[in-house]
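The structure under discussion is supplied below as structure tokens; questions concerning it will follow.
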Amino acid sequence: MSIVDIQHISKSFGSKQVLNDVSIKIEEGRIFGLIGQNGAGKTTLMKIILGLLKKDAGDITLVGEKVQFGQTVTNQAIGYLPDVPSFYPYYTAYEYLLLCGEITGLSKKERELRAKETLTQVGLEKNNKKIASFSRGMKQRLGIAQALIHKPKILICDEPTSALDPNGRRDILKILQQIKHETTVIFSTHLLNDAENICDDLAILHNGSFVISGDVQHLLNERRKSTLFIEAPVQTLEKLKEAFPEATDKNHGIALHSASIEKTQSTLFQYCLEHQLVIHSMSVEKTTLDDLFMEVTAK
Ligand SMILES: Nc1ncnc2c1ncn2[C@@H]1O[C@H](COP(=O)(O)OP(=O)(O)OP(=O)(O)O)[C@@H](O)[C@H]1O
């Protein structure tokens with residue numbers, strides 16, 4: 001079931017058209033990656049979903065309700081983590097979440113419970129220090145806890161990993177993966193590796209339009225490459241190069257290009273068996289999100 005339905009959204013700033021008739025349905029219980037280069041319009045679209053920015057045309061339906069600019073009814077279903085979240089530095093994480101819970105209208109008992117639950121979700125439950133001493137990664141995790149305090153159906157994160165080191169990024173991606181069954185995650189990024197690691201679905205925004213969208217694994221499988229890599233002892237590689245003259249050297253093995261990977265794979269296996277050749281590994285070159293992005297944005 002789609003939890004967010006974006007239909008024919010357009011938005012310009014002066015003469016600059018940032019979004020040009022974009023439509024997409026976002027499915028419940030999945031992680032949706034909104035991918036695009038800097039300035040592609042990701043934040044603009046997120047702000048329109050949040051009712052914080054006026055669209056020029058189109059409609060957005062969120063959990064069955066139409067999003068209206070300036071009205072916050074639909075935001076009860078959303079938790080939002082801006083790209084640079086700001087906090088009161090002299091609070092502890094727990095105190096800060098109690099305050100957020102109060103602003104959201106939770107009762108004292110509910111906010112105490114939710115503050116503890118969300119801190120556990122983001123791995124900050126044992127931290128009693130003031131937020132001022134937090135690393136960027138800890139602040140980002142606290143930002144997620146704050147966005148989840150009212151148990152939203154959707155979490156929108158704007159570039160949540162962009163400013164983090166590898167450990168901080170890994171922590172955030174892990175949290176997003178853990179919560180997706182309860183909270184549909186929409187996150188924007190230009191870090192293709194992060195998107196490939198955790199997104200179920202994605203859409204790539206380029207020149208104001210979605211140039212491609214869909215299930216990530218499906219999109220990558222559709223573009224499966226036609227190169228086979230073989231790693232083997234030197235003697236085997238030499239014999240294979242004689243038998244398959246089209247093979248080229250690659251790293252510590254050989255690469256074989258073929259229109260029919262399966263056929264080549266089986267011919268090669270057969271050849272190795274017949275000649276009693278040992279191979280270490282045989283793999284099909286993987287298409288990455290980076291490859292896909294380059295392909296669809298080059299047009
Ligand atoms: N309030 C505004 N007034 C004028 N131009 C704006 C405004 N907000 C955004 N823009 C322009 O719209 C374009 C898209 O901006 P947006 O912030 O949505 O991109 P983004 O994909 O989120 O980029 P980034 O990854 O750098 O955050 C940019 O060229 C930006 O300068």
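What's the total number of residues in region 8-57 that are within 23 Å of PHE293 (Cβ to Cβ) and free of Cβ contacts under 8 Å to residues at least 24 places away in the same chain?
Count: 3.
Just for strands (runs of 3 or more DSSP E) wholly inside region 1-109: which have at least 2 residues that are surrounded by fewer than 21 Cβ atoms within 10 Å (Cβ to Cβ)? Walk me through how you get there before you give the answer.
Numbers: elements: 2-13, 16-27, 31-35, 57-62, 78-81.
Ranges flagged: 2-13, 16-27, 57-62.
Looking only at residues in region 282-299 that are more than 17 Å from HIS206 (Cβ to Cβ) and of a type in the set (Val, Ile, Thr), which one is farthest from the chain's Cα centre (by Cα)?
So the residue we want is VAL284.
On to the next question. LEU99: of a type in the set (A, V, I, L, M) and free of Cβ contacts under 8 Å to residues at least 60 places away in the same chain, yes or no?
yes
For the structure I just gave you, tell me whether GLU117 is under 26 Å from GLU27 (Cβ atoms) and of a type outside the set (Ser, Thr, Tyr).
Against the criterion (under 26 Å from GLU27 (Cβ atoms) and of a type outside the set (Ser, Thr, Tyr)), GLU117 qualifies.
Each row is one residue, and each column tells you yes or no for (1) buried (at least 20 other Cβ atoms within 10 Å of the Cβ); (2) outside any helix (DSSP H, G or I).
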site: PRO160; (1), (2): yes, yes
site: ARG169; (1), (2): yes, no
site: ALA195; (1), (2): yes, no
site: ILE204; (1), (2): yes, yes
site: GLY214; (1), (2): no, yes
site: HIS218; (1), (2): no, no
site: LYS239; (1), (2): no, no
site: ILE254; (1), (2): yes, yes
site: ALA259; (1), (2): no, yes
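Residues in region 234-249: is at least one assigned by TED's automatic domain parsing to the domain that holds ASP21 and charged (D, E, K, R)?
No, because not a single residue in region 234-249 is assigned by TED's automatic domain parsing to the domain that holds ASP21 and charged (D, E, K, R).
Filter region 1-60 down to residues that are within 23 Å of the chain's Cα centre (by Cα) and of a type in the set (Lys, Arg) and give me whichever is nearest to the ligand (Cβ to nearest atom).
Only one residue fits best here, namely LYS42.
Then there is this: Test GLN177 against the stated conditions and say whether it is among the polar types (S, T, N, Q) and closer than 30 Å to GLY39 by Cα. First the steps, then the outcome.
Numbers: among the polar types (S, T, N, Q): yes; closer than 30 Å to GLY39 by Cα: yes.
Spelling it out, GLN177 is indeed among the polar types (S, T, N, Q) and closer than 30 Å to GLY39 by Cα.
Could you check region 265-281 and list, in sequence order, the residues that are in a loop (DSSP other than H, G, I, E, B), within 41 Å of the chain's Cα centre (by Cα) and surrounded by 11 or more Cβ atoms within 10 Å (Cβ to Cβ)?
Within region 265-281, ILE279, HIS280 meet the criteria.
The values are calculated or read from the model by the stated rules, or taken from the named source; none is laboratory data. In this text the structure is predicted, and so the values were computed from the model without any measurement. Backbone-built Cβ (ideal geometry, glycine too); neighbour counts: all protein chains shown.
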